[in-house]
Amino acid sequence: ALTRSQFPVFTIYAQKSCLGVKPCERAWCFDRVQAFQLSGYARKQHVVASRQDCLELCLGEREFPCRSANYNNVTRECSLSDMDRLTVAGSGAFRAEPDTEYLENNCVEEPIKLCEFKKLSGRILKTVDSVYQDVGSADECRELCLNSPFRCHSYDYGDTGEMVCRLSHHSRATLSDIQDPYLEVPEAATYELSSCYNVSIDCRSGDMVARIKTSKLFNGKIYAKGSPNSCVQDVRGSLDFELSMAYDDVECNVRQQGLGRYLNDVVIQHHDTIVTSSDLGLAVTCQYDLTNKSVSNEVDLGVRGDVRPALSEEVVVDSPNVAMKITDRFGGDMLPSAEVGDPLALRFEIMDRNSPYEIFVRELVAMDGVDSSEIVLIDSDGCPTDHFIMGPIYKSADTGKLPHIKLPVYVILNG
């Protein structure tokens, strides 16, 4: 049976569950707070069979980082959120709600590169998660907190024993459901994680982009130092924000230092109009390697001997059979005979309609029926020699392929 401790503590219960989704390697996966919920930040809602199904939905969410979930034991409704008690600390969104359980995901990745801890004087937690002895300094204790196997949000050092470091996943933002969590010790102090930032620089062809990830909803602005009004990005309630600074933009004042080296100073300001002690200054640099490079390749691409064809194919197309016909003026009906004054045309036609050839008419000669004398009507270039005798050559309108020649109405050829 459980017995009351001689020391002032509060109790933390743990429950082992078998999940259908692979959890993270943290010391535990979820914090569960009964009769509480996070209001106003639901991204998805599902009706599920059990609380465990709700846990698995949060762990398996891929559209956004699921930081928490509300599970209603009556309606079975599971609400997933990309916020938790830490990201919305101080907003009043975490509140009591009967029949609802608040589930906080400890597998989410938090920024830890640039962190700020605030001192809470005269108080230490009654119960912590880890206790380390023989820790050399408060800074070492701080690093143990930032690299702990759980989401550490507070630590104290040297208050419960010499060189003793205590770590906890709790802070004032997560203790609203616990009665009297602190022990009053005038000379002691607890250091609570206020916010953390991860800063990355994207060096592009014409600009540098400073990208910021934070552990707490940020309201304020980010700007280039010296240009708070002209090179600035206002931020309202976001965990991710960025500032783009073009190299040729005089407003952003990006400085060039040597060949291919660009640098600037960036300020993260937590208030829209005033500078506070929480504001951060960042020095960002992009270095481009602009030296010449010699590139060689030792692969032998020489060709020895003739390249023989893999396939040889030859096709012979026979010469076409061509017919010349005397037709009416429009190249239609063929006429067996004609008289002086009849409007006529000469039609040249390839008998095989599928032939690949086309016709080019040249060196057309008419012969006199009396003495066999010759009259050249079309020369070697395909042009009429006398427009009074024969007009130009046209292609047939119906096929676009069969040429015909209009003859003047007063001419009749007898051969």
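Each value in this text was obtained by applying a stated rule to the coordinates, not by laboratory testing. Note that the coordinates shown come from a computational prediction; the quantities given were computed from them, not determined experimentally. Every residue, glycine among them, receives a Cβ derived from its backbone with ideal geometry; neighbour counts consider all protein chains shown.
What is the dipole size for the stretch 201-297, taken about its Cα centre, with +1 at each Lys and Arg Cβ and -1 at each Asp and Glu Cβ, in debye to the nearest 20?
In total the dipole reaches around 260 debye.
Rounded to whole Å, give me the distance from the Cα center of the stretch 140-219 to that of the stretch 228-269.
28
Report the label-to-label distance for Thr285 and Val185 in nanometres (one decimal), using points 7 Å from each Cα along the Cα→Cβ vector.
Each label point is offset 7 Å from its Cα along the Cβ direction, giving 4.3 nm.
Could you compute the FRET efficiency for Thr160 and Glu242, with r as their C-beta to C-beta distance and R0 at 56 Å, rounded to 0.05?
The calculated FRET efficiency here is 0.85.
Length gain on complete extension for the stretch Ser91 to Val275, per 0.36 nm per residue less the alpha carbon to alpha carbon distance?
Here the segment from Ser91 to Val275 would lengthen by 64.1 nm.
Between Asp381 and Arg32, how many nm apart are label points set 7 Å from Cα along the C-beta direction?
In this crude label model, Asp381 to Arg32 measures out at 10.1 nm.
What pairs in Lys22/Lys213; Lys44/Lys126; Lys16/Lys119; Lys22/Lys126; Lys16/Lys126 have C-alpha atoms more than 30 Å from each other?
Over 30 Å Cα-Cα: Lys44/Lys126; Lys16/Lys119; Lys22/Lys126.
About its Cα centre, how strong a charge dipole does the stretch 114-195 have in debye, to the nearest 20, once Lys and Arg get +1 and Asp and Glu get -1 at the Cβ?
Magnitude of the dipole: close to 280 debye.
Any chance you could run the full-extension gain for Gln133 through Val74? It's 0.36 nm times the residue separation minus the Cα-Cα distance, nm to one decimal.
16.6 nm
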